[in-house]
1. Which residue is surrounded by the fewest Cβ atoms within 10 Å (Cβ to Cβ), if the candidates are limited to region 19-57 and must be at positive phi and at pLDDT below 65?
2. How about region 12-36: which of its residues are under 26 Å from Val76 (Cα atoms), without any contact (Cβ under 8 Å) to a residue 24 or more places away in the chain and aliphatic (A, V, I, L, M)?
Amino acid sequence: MLIDNGRITWIGSTARMKAPRDAEMIDLSGKFVMPGLINLHGHPGGTIDLKQDPKKDLIFKIRAEQHSGRPTYSRVFSAGQGFTYSGSGE
């Protein structure tokens with residue numbers, strides 16, 4: 001596997017690999033490589049000290065930061081603030 005600037009650029013047999021001379025080689029024999037995880041349901045925003053705070057739209061701030069450049073952390077996708085009922089965060 002070749003990774004360039006954090007992105008997988010090639011996967012295949014090492015016999016056919018054309019790695020740059022200065023490439024760092026890491027032996028992953030017997031290991032699994034998992035480039036990403038997907039969580040289809042999470043609550044990353046709107047929580048302060050484990051208490052729901054409907055005045056904090058953190059998800060929109062995270063999304064704006066992601067769109068300003070390549071993130072160095074997990075990407076977050078959101079359809080919006082969501083909805084809840086009175087007292088649901090207690």
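The values are calculated or read from the model by the stated rules, or taken from the named source; none is laboratory data. These figures come from a predicted structure and were not determined experimentally. Don't worry about glycine lacking a Cβ; one is built from the backbone with ideal geometry, like all the others, and counts go over all protein chains shown.
1. Ranking the candidates gives Leu50 first.
2. Met34
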